[in-house]
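J.: Have a look at this one before I ask anything.
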Amino acid sequence: MEKTIYHQETGRRKEATAEVRIVPGNGNIIINGVPYEERFPRLVHREAIIKPLIVTECQGKYNVTVQVIGGGVTGQSSA
């Protein structure tokens, strides 16, 4: 059985919480179960999301899964 190495972190601001998991993969970015292209239809928002991956030359090398709770419209409040 092969172990999958991943990194997971939690970020908080005001009432919002985001849990992010990064695993080796082909570049999929999923936010609350939805591909980020669907979650953020505006190009400027998608560019802001992938900029850290581009700068660190990691785009297309890792899959990113994000679970956001709170944060209003962009965080889709749920509890």
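The values are calculated or read from the model by the stated rules, or taken from the named source; none is laboratory data. The shown structure was predicted, so the numbers you read here are calculated from the model rather than taken from an experiment. Cβ sites come from the backbone with ideal geometry, for glycine too, and all protein chains shown count toward neighbours. Note: accessible area is taken over every heavy atom of the protein model, side chains too, but ligands, DNA and RNA are not part of it. Shrake-Rupley method; radii C 1.70, N 1.55, O 1.52, S 1.80 Å.
J.: Would you mention how many residues in region 18-42 are more than 12 Å from Thr65 (Cβ to Cβ) and open to solvent by less than 40 Å² (accessible area, probe 1.4 Å)? Talk me through it step by step, then tell me what you get.
T.: Quick first cut of region 18-42, residues more than 12 Å from Thr65 (Cβ to Cβ) only: 24, 26-27, 37-42.
Cutting the leftovers down to open to solvent by less than 40 Å² (accessible area, probe 1.4 Å) gives us 27, 40.
So the answer is 2.
J.: Pick out the one residue from Thr56, Thr10 that is modelled with pLDDT under 95 and of a type in the set (Ser, Thr, Tyr).
T.: Thr56
J.: Here's a follow-up. Consider region 1-17. How many of its residues are loosely packed, with under 10 Cβ neighbours inside 10 Å and acidic (Asp, Glu)?
T.: 2
J.: Let me ask something else. If the Cβ limit is 6 Å and pairs must be 6+ apart or interchain, which residue in region 7-22 that is outside any strand (DSSP E or B) pairs with which residue that is open to solvent by less than 60 Å² (accessible area, probe 1.4 Å)?
T.: Glu15/Gly70
J.: Six or more apart or on different chains, Cβ atoms under 9 Å: show the pairs whose first residue is in region 59-70 and closer than 11 Å to Asn28 by Cα and basic (Lys, Arg) and whose second is assigned to a loop (DSSP other than H, G, I, E, B) and open to solvent by 80 Å² or more (accessible area, probe 1.4 Å).
T.: Lys61/Asn26
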